[in-house]
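Could you have a look at this structure, given as structure tokens, before my questions?
The values are calculated or read from the model by the stated rules, or taken from the named source; none is laboratory data. None of these values were measured; they are calculated from a predicted model. Cβ atoms come from the backbone with ideal geometry, glycine included; neighbour counts cover every protein chain shown. Quick note on the areas: whole protein, heavy atoms, side chains included, nothing else; ligands and nucleic acids left out. Shrake-Rupley method; radii C 1.70, N 1.55, O 1.52, S 1.80 Å.
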Amino acid sequence: MGTAPAEGAGAPAVPRGGGLDAITAAAREIFAERGYHGTSIRDIAKRAGLSLSALYYWHPSKQHLLAALVEEITHDYFQRCDRALHEAGEDPADRLRALVRVTVEYRVGRRIESNIATLEWRNLEPENRDRLAGLRRSATQLWADLIADGVRRGEFHCPHPDDARRAIVAACNAIAQWYEPGGDISLPELAERYTQIALRIVDHRE
């Protein structure tokens, strides 16, 4: 594939922000269009308007680029969740509403990236998959802890919290595969609809 040149040793004269942003955008577009195996590193460089040497300065391989893309969108999701939960306070129902809302908004706002992370997960090499699996487990634990807290406080009455968590997360994640902005359902309406579904799944009683 090639090796990224050492920094300062003949690195291409491309503005770091513009070069990296262009590569990320190009990879996102082509992975979505052709899939990981249908995309070459040359395709990405060409779409980004950069030479191969410029691309290799930031990403030594297509695999590295895929892993970086999955990692970036996962961290972005966690940051959004942290902000939403901080603003929601301590009430379990409010926290569940906040987490569902931010997840729905994320799956719509970063729909292409969400689908890439789901569909191309199997194409991550074992080392990258194992590392990024830790982030996935952290996301699972975030939902599990929230629902467990609601059950412990008597706010949620679902007899099977793990099944409730799986149902809610699966429903929210699937939005990236079918939702079309500009359709019959606005984003605020969609988020409200899914928060109500989630509260019914955990059997929240007003």
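Kindly express, to the nearest 10 degrees and within the range 0 to 90, the angle between helix 62-88's C-alpha long axis and the longest C-alpha principal axis of the chain.
It is inclined by approximately 30 degrees.
Sorted from largest down, what three extents in whole angstroms do the Cα atoms of the chain have along their principal axes?
64, 36, 29
Find the relative contact order for the chain and round it to a whole percent, using C-alpha pairs within less than 8 Å whose residues are 6+ positions apart. Write out the running numbers ahead of the final one.
Details: 189 pairs, mean separation 47.2, N = 206.
Over the chain, the number comes to 23 percent.
Quick one: compute the contact order of the stretch 111-206, relative version, from alpha carbon pairs under 8 angstrom and 6+ residues apart, as a percent. Don't skip to the answer; put the middle values down first.
Working: 41 pairs, mean separation 34.4, N = 96.
Averaging sequence separation for qualifying contacts and normalising by length gives 36 percent for the stretch 111-206.
Go ahead and estimate [θ] at 222 nm for the chain from helices alone: -39,500 (n - 2.57) per DSSP H run with n ≥ 4, summed, over the residue count, rounded to 500. Intermediate results must be reported in sequence, preceding the final value.
Values: 9 runs with 148 residues, N = 206.
Taken over the chain, the calculation gives -24000 deg cm²/dmol.
For the chain, with all protein chains present and a 1.4 Å probe, just round the carbon and sulfur fraction of the accessible area to a whole percent.
Working: 5430 of 10980 Å².
Solvent-exposed carbon and sulfur of the chain make up 49 percent of the total.
With an 8 Å cut-off on Cα pairs and a minimum separation of 6 or more residues, tell me the relative contact order of the stretch 36-113 in percent. Display every interim value, and only then the final one.
Details: 28 pairs, mean separation 17.5, N = 78.
Reported relative contact order: 22 percent.
Could you give the Stokes-Einstein D for the stretch 46-95 in µm² per second, using the C-alpha Kirkwood radius, 4 °C, 1.567 mPa s?
Details: Rh = 13.6 Å.
Value of D from the Cα-based Kirkwood radius: 95 µm²/s.
Calculate, for the chain, the solvent-accessible area per residue in square angstrom, rolling a 1.4 angstrom probe over the heavy atoms of the protein chains.
Numbers: 10980 Å² over 206 residues.
On a per-residue basis, 53 Å².
Separate question: By the gyration tensor of its Cα atoms, with a ≥ b ≥ c the square roots of the eigenvalues, what is the shape of the stretch 100-206: rounded for a/c under 1.5, prolate for a/b over b/c, or oblate? Please list the in-between numbers first.
On the way: a/c = 2.84, a/b = 1.19, b/c = 2.38.
The shape class here is oblate.
With r defined as the distance between the Cβ atoms of residue 94 and residue 138 and R0 fixed at 22 Å, what FRET efficiency is calculated, to the nearest 0.05?
Details: r = 22 Å, r/R0 = 0.98.
Once rounded, the FRET efficiency stands at 0.55.
Can you give me the Cα centroid spacing of the stretch 179-206 and the stretch 52-86 in angstrom?
Here the two parts' Cα centres lie 28 Å apart.
Further question on the same structure: Can you compute the FRET efficiency between residue 40 and residue 131 using 1/(1 + (r/R0)^6), with r the Cβ-Cβ distance and R0 = 30 Å? Round to the nearest 0.05.
Details: r = 24 Å, r/R0 = 0.81.
The pair residue 40/residue 131 has a calculated efficiency of 0.75.
Add +1 for every Lys or Arg and -1 for every Asp or Glu among the other residues with Cβ under 13 Å from the Cβ of residue 40, and state the total. Show your work: numbers first, answer last.
Working: positive: 34, 42, 46, 47, 62; negative: 33, 43.
Around residue 40, the charge tally is +3.
Rounded to the nearest 10 degrees, what's the angle between the helix 92-109 long axis and the longest principal axis of the chain, both from Cα atoms, 0 to 90?
So the helix axis and the longest Cα principal axis differ by about 30 degrees.
If you fit an axis through the alpha-carbon atoms of helix 16-34 and take the longest principal axis of the Cα set of the chain, what angle between them do you get, 0 to 90°, nearest 10?
The two axes meet at around 70 degrees.
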